[in-house]
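Down below is the structure, laid out as structure tokens.
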């Protein structure tokens, strides 16, 4: 599966994401500059973490207007796989590819640490190799990860099974203490109704080799690859 | 013409920064404050050939499409 990794001014996780899919997963991969509208026949697009456009105005707000995001939207509308990680998730929210918005973390601090997340939906291409209830250890590093959505819209999200990951204890309990940022219902990642666009605050590319302390991120990339090899 | 646009979190959205400022103000003696909300402020200058109505239409579009995220924020503006 050919992966495309977007690059915005201020992205800083694009090389990590490229390394994870290219070197760890052994897949072809290319960087795609934010001014480009050519997705180079990639079968999956990663919108990486960082501080696109310095996080000016709001996180992800300026990146949304980049030429490449128009191409990503058309790609997603055709069913292409789009994975937004951290700032990439924020960009997908601002772009309207995913519902909701991010607020400053509940504690007003940048939080950078390993967290546990529980797989809530294993029926989408990003989690097909997981089982619902699996607990993954994956690091987060963000200031605006406090996901919010009005109550009615959130109910709809839950009904549609669009909550893909929740912050939890190492045992898989979704407690208030295991929620690092105040996110509604411990949400750590959500998908669109079709399940081909995923946004998540934790960084799977930072949990893809033994040296990094966890390989749970590999399951996500492996699921993506497997989903298209069956198709 | 100049537009001044004020963006703030919707009342229904918790504003942790405003709350923190409120607590600090109380701690240093400003005890009669009932609420603090933090927001953003933009000054936008328009070319002089635009009419007031045109400026108003542009400001509303800019505020709605760019300056705010309608999920969490609202705006007000003045034109001078």
Among (1) more than 30 Å from residue A:28 (Cα to Cα); (2) surrounded by 16 or more Cβ atoms within 10 Å (Cβ to Cβ), residue A:155 falls short only on (2)
So how many residues does the range B:1-56 have that are loosely packed, with under 10 Cβ neighbours inside 10 Å, more than 14 Å from every other protein chain (Cβ to nearest Cβ) and touching a strand residue (DSSP E or B) at 6+ places or on another chain (Cβ under 8 Å)?
2
Out of the residues in the range A:147-169 meeting the condition of being assigned to a helix (DSSP H, G or I) and free of Cβ contacts under 8 Å to residues at least 24 places away in the same chain, tell me which one is farthest from the other protein chains (Cβ to nearest Cβ).
A:159
Out of (1) in contact with a helix residue (DSSP H, G or I) (Cβ under 7 Å, 6 or more places away or on another chain); (2) surrounded by fewer than 16 Cβ atoms within 10 Å (Cβ to Cβ); (3) free of Cβ contacts under 8 Å to residues at least 60 places away in the same chain, the one residue B:60 does not meet is (1)
Going by the structure shown, is residue A:94 within 14 Å of chain B (Cβ to nearest Cβ) and crowded, with 22+ Cβ neighbours inside 10 Å?
yes
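Which of the residues spanning the range A:26-55 are in a loop (DSSP other than H, G, I, E, B) and under 20 Å from residue A:199 (Cβ atoms)? Walk me through how you get there before you give the answer.
Filtering the range A:26-55 for residues in a loop (DSSP other than H, G, I, E, B) gives A:26-28, A:34-43, A:48-49, A:51.
The answer is A:34, A:39, A:42, A:43, A:48, A:49, A:51.
Just need a number here: residues in the range A:32-50 that are under 17 Å from residue A:13 (Cβ atoms) and buried (at least 18 other Cβ atoms within 10 Å of the Cβ).
Adding up the residues that qualify gives 9.
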Of the residues A:79, A:88, A:141, which is under 29 Å from residue B:65 (Cα atoms), more than 12 Å from every other protein chain (Cβ to nearest Cβ) and part of a helix (DSSP H, G or I)?
A:88
Residue by residue through the range A:103-126, note down the ones that are in contact with a helix residue (DSSP H, G or I) (Cβ under 7 Å, 6 or more places away or on another chain), more than 12 Å from chain B (Cβ to nearest Cβ) and either over 12 Å from residue A:190 (Cα atoms) or without any contact (Cβ under 8 Å) to a residue 12 or more places away in the chain (or both).
A:125
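Here is a yes/no grid of residues against (1) modelled with pLDDT under 95; (2) more than 18 Å from residue A:85 (Cβ to Cβ):
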| position | (1), (2) |
| --- | --- |
| A:110 | no, no |
| A:117 | no, no |
| A:121 | no, no |
| A:135 | no, yes |
| A:144 | no, no |
| A:151 | yes, yes |
| A:160 | no, yes |
| A:166 | no, no |
| A:171 | no, yes |
In the range A:181-231, how many are modelled with pLDDT of 95 or more, closer than 13 Å to residue A:115 by Cβ and either in contact with a helix residue (DSSP H, G or I) (Cβ under 9 Å, 6 or more places away or on another chain) or more than 14 Å from chain B (Cβ to nearest Cβ) (or both)?
14
Looking at residue A:72, is it over 17 Å from residue A:188 (Cβ atoms) and under 18 Å from the mean Cα position of the chain (by Cα)?
yes
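Under the condition of being within 16 Å of the chain's Cα centre (by Cα) and at positive phi, which residue from the range A:50-68 is farthest from the other protein chains (Cβ to nearest Cβ)? Spell out the reasoning first.
Taking the range A:50-68 and keeping what is within 16 Å of the chain's Cα centre (by Cα), we get A:50-52, A:59-60, A:63-64.
Applying the additional criterion that residues be at positive phi yields A:50, A:60.
Details: A:50: 19, A:60: 9 Å.
If we take residues in the range A:50-68 being within 16 Å of the chain's Cα centre (by Cα) and at positive phi, then A:50 is farthest from the other protein chains (Cβ to nearest Cβ).
The values are calculated or read from the model by the stated rules, or taken from the named source; none is laboratory data. Predicted model, so just to flag it, every value in this text is computed and none were measured. All Cβ positions, glycine included, derive from the backbone under ideal geometry; neighbour counts span all protein chains shown.
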